[in-house]
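Asks: Sharing a structure, written as structure tokens. Questions coming.
The values are calculated or read from the model by the stated rules, or taken from the named source; none is laboratory data. All values reported here derive from a predicted model rather than from experimental measurement. All Cβ positions, even for glycine, are placed from backbone atoms using ideal geometry, and neighbour counts span all protein chains on display. Calculation scope for accessible area: heavy atoms of the full protein, side chains included, ligands and nucleic acids excluded. Shrake-Rupley method; radii C 1.70, N 1.55, O 1.52, S 1.80 Å.
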Amino acid sequence: MGLIGKSVIKAGGVERVTGKGTFVADIKLPGMVYCAVIRSPVARGDIIAIDDSSCNRVKGYLGLFTAKSIPGNNVIPIVFRDQPCFAAKRVNYHGEPIGVVAAESKAIAHTALNRIKVTVKELEGLIDPLKAWGHRKIKLYGDDNIFRHSKIRRGDVESAFRECEVIIEDTYTTPYQEHAYIEPQGMVANPLPDGTMEIYGSMQCPFYVREAVAEVLALPLSDVRVIQTSTGGGFGGKEDVPSLVACQAALPACLLKRPVKLIYERDEDMISMSKRHPSWIHYKSGATADGILRAIQAEYIIDGGAYSTLSPVVLFRGTVHSMGPYRCENVHIDSYAVATNKVPCGAFRGFGSPQILFAVESQMDRLAQGLKMDPAEFRRRNLLKTGDTTSFGQKLSWSVGAKETLEKVVEHSGWRNHIPESAGDKRIGYGLSTVFYGVGLGAGGKHLARTGARVMVEPDASVTFSVGTTDMGQGMQTVLAQVVAQELGLPFENIRMMPTDTSRVPDSGPTVASRATTMSGNALIIACEKPRDSILTEASILLKIEKHNVVIDEGIAFDRKDGRLKVTIKEIIKNCFGKRMPLTGDGWYNTPETSWDNETGIGEPYVTYAWASNIVKLAVDTQTGEVEVLKISSAHDVGKAINPAMVECQIEGGVIQGLGFALTEEMMADSKGKLLNPEFSTYIIPTASDVPEIEPIIVEHPYPDGPYGARGFGEQPLMGIAPAVANAVADAVGVRITDLPITAEKIWRALRAK
Amino acid sequence: MKIKFRLNGRLINADIPGGMRLIDLLREDFNLTGTREGCGKGECGACTVLLDGKPVNSCLVLAAQLKGRAMVTIEGLSDGDTLDPVQRAFLEATAVQCGFCSPGLILAAKSLLDKYPDPSEEQIKRAISGNLCRCTGYSKVFKAIKMASETHRNSK
Ligand code: FES
Ligand code: FES
């Protein structure tokens, strides 16, 4: 397996370091028009008028486009169809789009935007999800303002709690987290003379964008072509919302018959794009004297915002992950996604699981403490292993590396070896978390769980391939090129990935849920079958050996039994072309079946799971409450690391994003639902100065259905950091923080209250 | 307003509208799109360029301030196809994910290494603390800068 497991240098990396990669903001087309989005000034209200009469004297102003201008349906289809492209009569959140202005330049578009007069009659809105739930008068969604209610019912919780030696019950809360990808959202819409529409932009899911644009412009899917440009980070924030941005550009483009560019300002992006759902969690769990997790009862509420968008599936994932990676036979979970008059929340690395895992893993430490047991030992006794059945009734037949990740971090971190290190006002603490992640869309997005790929070998032995999933920085392009090179026996440099484009492969679903490597990798292996067979056949003729004895690797074919007998693949491919043998292949991969019963929460929700453990070592200043993180060890079972350096970089990046979630990141809304800190100076993400020593550890328990044993894991590094930090703070100074972020002030107050 | 300045080594004479931002001059007039805009407010560092060797946020600088000065953008760092050691180190250390921040980080690192060829971990962190990266978690960026510093020293 020459190239698999090798840290080759990033495909397309040279363009990145020389500043050449084309991001959407770099696109210039002749006759390009610029637009700017008109947004609701209130959280809830009725639109009375949108008046652009004072713009008509602005030179270069091209017009106002609103819900009334839409030729098709005013809807952004996601899970349900409740979100409009532009609010028509009623606005439901502060910053909701109600139209766009178009102009000859960006500056003119912004001048026009400032002159537009929007008259809205403000109505009372629902800001607090706990009040919105079942509100008697104000109905935002259905009868009770609940987008989705999910459940898990297993065993008998009540009698199980009676057997417990220790029971811990508490409420946990987590705030909005902002993706803060460094490249803002943006799209270019380019109408072609034949009536079709091309869309270029920063996105994770070109097929979502295509569906939305087709719906809004009343075009058949065949007439919309979506091409992903280099994408400057996504983390879930470019999953569903780019559909909105694309439609905002496509509508004026279609009506003006000119290309339109729309790049979001940073504050506009932070105000109006999706975020991690704020959550409220009430969690009760109990363990018996021998250290067995016996019962879990929890209520998990997420604030969905004004439209359902991805909330139902975010809730699904959160619910599946609400028991952590442990065996537990008595479980009673109710989870709810609630409608409020705030910006719709959506996908963010972890997808509903980091919030609930903050509660799960805090509870695990508190149970261990109650039992006077080492938290690592308590987890050891309860962690799932191969052959076990999960709390939702799924038998895990293979590849459960949870325990190994735990042992690895314990070994590497100097776990709880803190006595000699405490000095002055500082106290050292260690905190542990063990988490898991269901890879792929699972039963929540079953109909989308397939993907296509295409491989084309050229006469000079260079190769292009296309997939329907996207690279937003995570490294998919490199890893997939490694897979293709390995399958065809060619050097890595020969392989080029084409930009992801809806016209190249069939609808392959979204690039989310850590699914790209597994799904597109498998589809590519299938796509390589035909060209690979041609290469092996021709090699066997040239080498005069049987086909099964031919080995191909890095541009050479040779005899398995006699390495001296060689021929270059270049020569083989030339011959194949001469003989008109097939050197192109298509691949289509469907995942094995998944299932979920929404009434009982029993089923096989995901095809496989990734596993991880983290240990955070930190120091707390007992005078100020300030936390200094010293070291984070983070071990992940990824099945197989196709490119270990990139796996490490994913771990480090996710850990730091998780550290932001733990310590500083908090998007705040005022009582009227307006977001208060939509900028990097007030929404604080980690900088280089905040980074402790990080030790990424790779564990490999191969996933039999994955390409070379690999499975996705890219979200997981973020997921367990916040509870590990909370546990470390508790270990250091004995105070338990249950609402994120864990600020110095909260610790200081808790220390004073002690 | 007519001004003269050096851009990536070339002497430029340009007529610049008064209120124009440096980043717009680079991206719109010179098509140097490696200078990226992440916030437009001096908060992310994606628009970093070197002005007389020092990193500045080009979204906060007026183009007119270029007068008589020498500027280097990411496009001016490599010599044809030969990458600068800092660029090469970023690739070899896997310090690039989406790459939107990379030009800014690389220029900030370049300026640091020109001044301190053998920087401490603290100096590295301080030098790039104005350049936000949301993907990599910075560890491999530190590694890249250390690698570049070694190449730099060994080549002397
Ligand atoms: S764009 Fe200049 S600092 Fe962010
Ligand atoms: S690599 Fe994506 S922001 Fe740095």
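Asks: Looking at the stretch A:340-375, which of the residues that are of a type in the set (A, V, I, L, M, F, W, C) and within 25 Å of A:Gly234 (Cβ to Cβ) is most open to solvent (accessible area, probe 1.4 Å)?
Replies: A:Phe351
Asks: Also, quick follow-up: What are the pairs, 6+ residues apart or on separate chains, where a residue within the stretch B:97-119 that is assigned by TED's automatic domain parsing to the domain that holds B:Asp52 has its Cβ under 6 Å from a residue that is away from ligand 2 (no atom under 11 Å from the Cβ)?
Replies: none
Asks: What's the total number of residues in the stretch B:19-43 that are acidic (Asp, Glu), within 16 Å of ligand 2 (Cβ to nearest atom) and under 16 Å from A:Asp26 (Cβ atoms)?
Replies: Total satisfying the criteria: 1.
Asks: From the list A:Gly660, A:Gly709, A:Gly714, which one is closer than 30 Å to A:Ala527 by Cα and within 16 Å of ligand 2 (Cβ to nearest atom)?
Replies: A:Gly714
Asks: In the stretch A:186-228, which residues are part of a loop (DSSP other than H, G, I, E, B) and surrounded by 24 or more Cβ atoms within 10 Å (Cβ to Cβ)?
Replies: Those that are part of a loop (DSSP other than H, G, I, E, B) and surrounded by 24 or more Cβ atoms within 10 Å (Cβ to Cβ): A:Ser202, A:Met203, A:Gln204, A:Cys205.
Asks: Shifting gears a bit: Kindly list the number of the only condition in (1) loosely packed, with under 15 Cβ neighbours inside 10 Å; (2) more than 12 Å from chain A (Cβ to nearest Cβ) that fails for B:Asp29.
Replies: Answer for B:Asp29: the failing condition is (2).
Asks: Hey, which of the strands (runs of 3 or more DSSP E) in the stretch A:522-588, taking only ones fully inside, have at least 1 residues that are buried (at least 21 other Cβ atoms within 10 Å of the Cβ)?
Replies: Passing ranges, in order: A:550-553, A:556-559.
Asks: Go through the stretch A:675-723 and count every residue that is away from chain B (no Cβ under 14 Å) and part of a strand (DSSP E or B).
Replies: 2
Asks: Can A:Pro459 be described as modelled with pLDDT under 95, open to solvent by 40 Å² or more (accessible area, probe 1.4 Å) and not in a helix (DSSP H, G or I)?
Replies: It is false that A:Pro459 is modelled with pLDDT under 95, open to solvent by 40 Å² or more (accessible area, probe 1.4 Å) and not in a helix (DSSP H, G or I).
Asks: In the stretch B:84-95, what residues are within 15 Å of the chain's Cα centre (by Cα) and at the interface with another protein chain (Cβ under 7 Å from one of its Cβ atoms)?
Replies: B:Gln87, B:Phe90
Asks: Looking at (1) out of contact with any strand residue (DSSP E or B) (no Cβ under 7 Å at 6 or more places or on another chain); (2) β-branched (Val, Ile, Thr); (3) assigned by TED's automatic domain parsing to the domain that holds A:Cys254, which is the only condition A:Ile48 fails?
Replies: The number of the failed condition is (1).
Asks: From A:Glu693, A:Glu745, grab the single residue that is closer than 30 Å to A:Gln474 by Cα and among the charged types (D, E, K, R).
Replies: The match here is A:Glu693.
Asks: So is A:Ala337 of a type in the set (Gly, Ala, Ser) and in contact with a helix residue (DSSP H, G or I) (Cβ under 6 Å, 6 or more places away or on another chain) or not?
Replies: Here the answer is yes, as A:Ala337 does meet what is asked.
Asks: Which of the residues that make up the stretch A:219-244 are hydrophobic (A, V, I, L, M, F, W, C) and either within 14 Å of chain B (Cβ to nearest Cβ) or at positive phi (or both)?
Replies: The answer is A:Phe235, and nothing else.
Asks: Does the stretch B:135-146 contain any residue that is within 13 Å of ligand 2 (Cβ to nearest atom), in contact with a strand residue (DSSP E or B) (Cβ under 8 Å, 6 or more places away or on another chain) and in contact (Cβ under 8 Å) with a residue 12 or more places away in the chain?
Replies: Within the stretch B:135-146, not a single residue is within 13 Å of ligand 2 (Cβ to nearest atom), in contact with a strand residue (DSSP E or B) (Cβ under 8 Å, 6 or more places away or on another chain) and in contact (Cβ under 8 Å) with a residue 12 or more places away in the chain.
Asks: Give the stretch A:709-726 a look and list any residue that's open to solvent by 10 Å² or more (accessible area, probe 1.4 Å) and either under 21 Å from A:Leu630 (Cβ atoms) or of a type in the set (Phe, Trp, Tyr) (or both), or say none.
Replies: Within the stretch A:709-726, just A:Phe713 meets the criteria.
Asks: With respect to B:Gly19, determine if the residue is assigned to a loop (DSSP other than H, G, I, E, B), open to solvent by less than 50 Å² (accessible area, probe 1.4 Å) and either more than 9 Å from ligand 1 (Cβ to nearest atom) or within 13 Å of chain A (Cβ to nearest Cβ) (or both).
Replies: no
Asks: For the stretch A:1-115, list the strands (runs of 3 or more DSSP E) that sit wholly inside it and hold at least 2 residues that are out of contact with any helix residue (DSSP H, G or I) (no Cβ under 9 Å at 6 or more places or on another chain); which are they?
Replies: Once the strands (runs of 3 or more DSSP E) in the stretch A:1-115 are filtered for at least 2 residues that are out of contact with any helix residue (DSSP H, G or I) (no Cβ under 9 Å at 6 or more places or on another chain), what remains is A:45-51.
Asks: Still on this model: Only one residue in B:Ala63, B:Ala46, B:Ala89, B:Ala70 is open to solvent by less than 20 Å² (accessible area, probe 1.4 Å) and more than 16 Å from ligand 1 (Cβ to nearest atom). Which one?
Replies: B:Ala89
Asks: Would you mind finding the one in A:Glu268, A:Glu239 that is acidic (Asp, Glu) and in a helix (DSSP H, G or I)?
Replies: A:Glu268
Asks: Then there is this: Given the conditions (1) touching a Pro at 6+ places or on another chain (Cβ under 8 Å); (2) outside the structural domain of A:Phe351 (by TED's automatic domain parsing), which single one is not true for A:Gly438?
Replies: (2)
Asks: Right, something else. Checking the structure you have, find out if any residue of the stretch A:213-225 is in contact with a Ser or Thr (Cβ under 8 Å, 6 or more places away or on another chain), away from ligand 1 (no atom under 16 Å from the Cβ) and of a type in the set (Val, Ile, Thr).
Replies: There is at least one residue in the stretch A:213-225 that is in contact with a Ser or Thr (Cβ under 8 Å, 6 or more places away or on another chain), away from ligand 1 (no atom under 16 Å from the Cβ) and of a type in the set (Val, Ile, Thr).
Asks: Next question. Which condition number does B:Pro55 fail, the rest of (1) away from chain A (no Cβ under 14 Å); (2) open to solvent by 30 Å² or more (accessible area, probe 1.4 Å) being met?
Replies: (1)
Asks: Taking the stretch A:613-671 as the region of interest, how many residues are small (Gly, Ala, Ser), in a strand (DSSP E or B) and open to solvent by 10 Å² or more (accessible area, probe 1.4 Å)?
Replies: 1
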